[in-house]
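A short worksheet on the structure shown next.
The values are calculated or read from the model by the stated rules, or taken from the named source; none is laboratory data. None of the values given here were measured: they were computed from a predicted structure. A quick note on method: Cβ atoms are made from the backbone with ideal geometry, for glycine too, and the neighbour counts reach across all protein chains shown. Side chains included, ligands, DNA and RNA excluded: accessible areas come from the protein's heavy atoms. Shrake-Rupley method; radii C 1.70, N 1.55, O 1.52, S 1.80 Å.
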Amino acid sequence: ILLFILALITGVVLGIFIPGGAANDAFNPVVALVSFTLVLVYIGLIFSVFLLVQARFILVEVPLAIENSTDGASTIKRSWNLTRGNLWRIVAIIIITSLLTFPLQVPLSVLNIIIQISLQPLARVNSNYRLLAAIVNILLTLISIALVVPLWQTIKAVLYCDLRSRREGFGLKLRDRNI
């Protein structure tokens, strides 16, 4: 909503300077087009920043589970160091995995919405239906999570092993080049 308001204000200001725009004409087609374009640009920028931050911190919990004597602060630093130089590969992995998990979550979300809408009139009359709607919501959410989280954790584990072997070599010793 804040982005839309910011885009609308920017569109109105730009609409004043664009031919055919007027200060009191907020619904000018030029202003609407500029505002819509700015909203798409703002959403794209926010999505990109979110994706880049997620790529840098995707491995935060993995060292905490695998390595000995680590704490929360050190795992954040470890994730930052391991992902350095591989940012675009990780972003591609996140996008592909999100596209793979999306078809798993959509049917359950649609089913949840349909059930919630069908139970809403009954919940106004009887509070037991409100409880039933909440239980169904929780169950479908847990099923959705149970389908998606193992895939994400597997991808994180493989990514952690790959990045660690690339960065540190997992303690492997290279052959002597003099041979």
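Magnitude of the charge dipole for segment 56-179, about its Cα centre and with charges confined to Cβ atoms of Lys, Arg (+1) and Asp, Glu (-1), is about 400 debye. Based on the Kirkwood approach, the hydrodynamic radius assigned to segment 33-83 is 12.7 Å, with every pair of different Cα atoms included. Scalar couplings 3J(HN,Hα) for segment 45-62, obtained by applying the Karplus form with A = 6.51, B = -1.76, C = 1.60 to θ = phi - 60°, are 5, 5, 4, 5, 5, 4, 5, 5, 5, 4, 5, 6, 10, 5, 9, 4, 7, 5 Hz; x denotes Gly and Pro.
Out of the total accessible area of segment 48-154 (probe 1.4 Å, heavy atoms of protein only), what percent is carbon and sulfur?
Values: 5050 of 6950 Å².
That fraction is 73 percent.
By the equivalent-ellipsoid construction on the alpha carbon gyration tensor, segment 59-179 comes out with semi-axes of 45, 16, 11 Å, ordered largest to smallest. Averaging 1/r over each pair of different alpha-carbon atoms in segment 44-111 and inverting the result gives 13.5 Å, the Kirkwood hydrodynamic radius. Each Lys or Arg adds one and each Asp or Glu takes one away; over the other residues whose Cβ falls under 13 Å from the Cβ of ARG166, this sums to +2.
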